[in-house]
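Right, one structure below, let's go through it.
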Amino acid sequence: MEERAFSDIAYQQFLNEEKIMGSSCKECGARFVPPRSICVNCYRSDMEWVEIKGKGRLAAFTSITVAPPFMMAQGYDRNNPYCSGVVELEDGGRVDARIEGVDASKPEDIKIGMPLKAKFLHRGEGENLETYLAFEPL
Ligand SMILES: [Zn+2]
């Protein structure tokens, strides 16, 4: 369906279009988000694009209090932590993403396995547009 290479650049281009695209191994069915060109499960390179619908469950998370500069610029710091996690996707595979709509200062209230849906965070415009994948509670 898509002729783009299985790369982080293509993954980012799709995110800018508000699509989550991964690669699926034609041999064993393993799925990767962002896409990989070689399957780490069976080591074949016969992959195809697959669109991920954006539902999943929280598999792991961390509350980040010491933020990188671009997150500090958005107002996150020791007093205002944010949540980053791993989401087990309903369509297969798992992805790292920001977790929004939870109180990162109360990690005891954030539940592993909670259902989540994807949202797209846009920063900048035109050529500088960057889209970040985030998830929020369903
Ligand atoms: Zn495989």
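Derivation of every value follows stated rules applied to the coordinates shown; laboratory data play no part. From a predicted model like this one, the values you see are computed outputs, not experimental measurements. Cβ sites come from the backbone with ideal geometry, for glycine too, and all protein chains shown count toward neighbours.
For the reader, a short list of remarks on this structure follows.
- Assuming charge only on the beta carbon of Lys and Arg (+1) and of Asp and Glu (-1), the dipole of the chain about its Cα centre is about 380 debye to the nearest 20.
- Ranked list, fewest to most other Cβ atoms within 10 Å of each Cβ, for Glu48, Glu125: Glu125, Glu48
- Local net charge near Val50, Cβ-Cβ under 9 Å (Lys/Arg +1, Asp/Glu -1): -2
- Per residue, the average separation of C-alpha pairs within less than 8 Å and at least 6 apart gives the chain a relative contact order of 21 percent.
- Counted by neighbouring Cβ atoms within 10 Å, the residues Ile52, Ile64, Ile9 run from fewest to most as Ile9, Ile64, Ile52.
- ³J(HN,Hα) computed for each position of the stretch 80-97 - Karplus, 6.51 cos²θ - 1.76 cosθ + 1.60, integer Hz, glycine/proline x: 9, x, 10, 10, 10, x, 10, 10, 7, 7, 4, 7, x, x, 9, 9, 7, 7
- When the C-alpha to C-alpha distance is required to be over 26 Å, the pairs from Lys55/Lys106; Lys55/Lys111; Lys26/Lys119; Lys26/Lys111 that qualify are Lys26/Lys119; Lys26/Lys111.
- With helices as the sole contributors, the chain gives -2000 deg cm²/dmol at 222 nm; each DSSP H run of n ≥ 4 counts as -39500 (n - 2.57), and the sum is divided by every residue.
- For Arg94, residues with placed amide H under 5 Å, excluding near neighbours: Val33, Leu89
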